[in-house]
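The values are calculated or read from the model by the stated rules, or taken from the named source; none is laboratory data. Quantities reported herein were computed from a predicted structural model and do not represent experimental measurements. Because the Cβ atoms are built from the backbone with ideal geometry, glycine has one as well, and the counts that use them run over all protein chains shown. In case anyone asks, the SASA skips ligands and DNA or RNA and just uses the protein heavy atoms, side chains included. Shrake-Rupley method; radii C 1.70, N 1.55, O 1.52, S 1.80 Å.
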Amino acid sequence: MRTATFGPTRAAVSIVGQGTWNLEQTNEKDAVAALQAGITAGMTHIDTAELYGDGRAEQIVGRAIAGRRDKVFVVSKVLPSNASYRGTLEACERSLRHLGTDHLDVYLLHWRGSFPLAETFRAFEELEAAGKIKAYGVSNFDVGDLEEALEITGKDRIACNQVLYHLGERSIEHTVIPWCREHGVAVVAYSPFGSGRFPSATSAGAKVLARIAADRGVSAYQAALAFLIKQSEAFAIPKAARIEHARDNAAAAELELDAAEMNALDAAFPAKRRRGLAMI
């Protein structure tokens, strides 16, 4: 599995990791097996959140990483409604209990809410000083939010920005990705398969994708994932509820599309500009 440095953390993190949104809707035994298969295949970056299944997803991750905590890079997120100074400290403790660990590798604010960023970041700093998190970052932040966060935290404090990114939603390539690249902030792509909005098999773009996938002997999902991580240089966290899907996602990290294939997909799924940041 290819790795890259995760923003200012200096940690070498798998380019393709494992998301867990809605994983609690899967049979728990199957979900744990899929996560463990992904870890074995090199997808040691595991992302979760207190929001997912009201903590159930964190508990599933906890089962999957039991006995192998030193081999994984675990990220969780605090809900904006809990992101006061005190609320952030308490939310982190809950997540640690659910995960069965004494620390998170990165802790994120899930999206902006009503509490001042300075209050949330003060809690993050305290958690880091206490060894309960190794780094912190944000999720669903547009450039204006990132600028405000940088002004509060200073340089090299924001580990990552986790944002929506898939073939049908590439608008972050215009502003968010360049900003993060300039400031050394890792970009993490969530829902890289569109969360139920993967290109329809009858669409013109899907036909281009299918042709490239067939030529390479891979699935359309693998070709799409390979395109996104190469195009953006972002980390990606697709969810897999079955062992075979986890292994397919891991294999996509090793798929190197050539310039002609990249150009064809770029034209088939253009990076449109939009006002505001897309979220799910």
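Listed here are the residues, each with its yes/no results for (1) more than 25 Å from VAL61 (Cα to Cα); (2) charged (D, E, K, R); (3) open to solvent by 60 Å² or more (accessible area, probe 1.4 Å).
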| position | (1), (2), (3) |
| --- | --- |
| PHE124 | no, no, no |
| VAL143 | yes, no, no |
| LYS155 | yes, yes, yes |
| TYR165 | no, no, no |
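Return the residue satisfying two criteria in turn: it lies in the stretch 168-207 and is of a type in the set (D, E, K, R) and part of a helix (DSSP H, G or I), and of such residues it is least open to solvent (accessible area, probe 1.4 Å).
GLU173
Being touching a residue at least 24 places away in the same chain (Cβ under 8 Å) and either open to solvent by 30 Å² or more (accessible area, probe 1.4 Å) or of a type in the set (Val, Ile, Thr) (or both) is the filter here, so list the residues in the stretch 103-122 that pass it.
HIS103, VAL106, TRP111, ARG112, GLY113, SER114, PHE115, ALA118, GLU119, THR120, ARG122
(1) open to solvent by 10 Å² or more (accessible area, probe 1.4 Å); (2) without any contact (Cβ under 8 Å) to a residue 60 or more places away in the chain: which one isn't true of ILE15, the others all being true?
(2)
Can you tell me how many residues within the stretch 141-159 are of a type outside the set (Asp, Glu) and in contact with a Ser or Thr (Cβ under 8 Å, 6 or more places away or on another chain)?
Looking only at that region, the number is 2.
Any residue in the stretch 219-231 that's on the phi < 0 side of the Ramachandran plot and β-branched (Val, Ile, Thr): show its pairings with residues that are assigned to a helix (DSSP H, G or I) and open to solvent by less than 30 Å² (accessible area, probe 1.4 Å) at Cβ separation under 9 Å, as long as the two are six or more apart or on different chains.
From the stretch 219-231, the pairs are ILE229/ALA252.
So VAL32 passes all but one of these: (1) assigned to a helix (DSSP H, G or I); (2) closer than 24 Å to CYS160 by Cβ; (3) open to solvent by less than 60 Å² (accessible area, probe 1.4 Å). Which condition number does it fail?
Failing condition for VAL32: (2).
Per-residue answers, yes or no, for (1) open to solvent by less than 10 Å² (accessible area, probe 1.4 Å); (2) charged (D, E, K, R); (3) assigned to a helix (DSSP H, G or I):
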residue: ILE46; (1), (2), (3): yes, no, no
residue: ARG56; (1), (2), (3): no, yes, yes
residue: LYS77; (1), (2), (3): yes, yes, no
residue: GLY131; (1), (2), (3): no, no, no
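Take residues that are among the hydrophobic types (A, V, I, L, M, F, W, C) and within 22 Å of ASN22 (Cα to Cα) and tell me which of the helices (runs of 4 or more DSSP H) falling wholly in the stretch 217-280 contain 1 or more.
In the stretch 217-280, 220-232, 243-252 are the helices (runs of 4 or more DSSP H) which contain 1 or more residues that are among the hydrophobic types (A, V, I, L, M, F, W, C) and within 22 Å of ASN22 (Cα to Cα).
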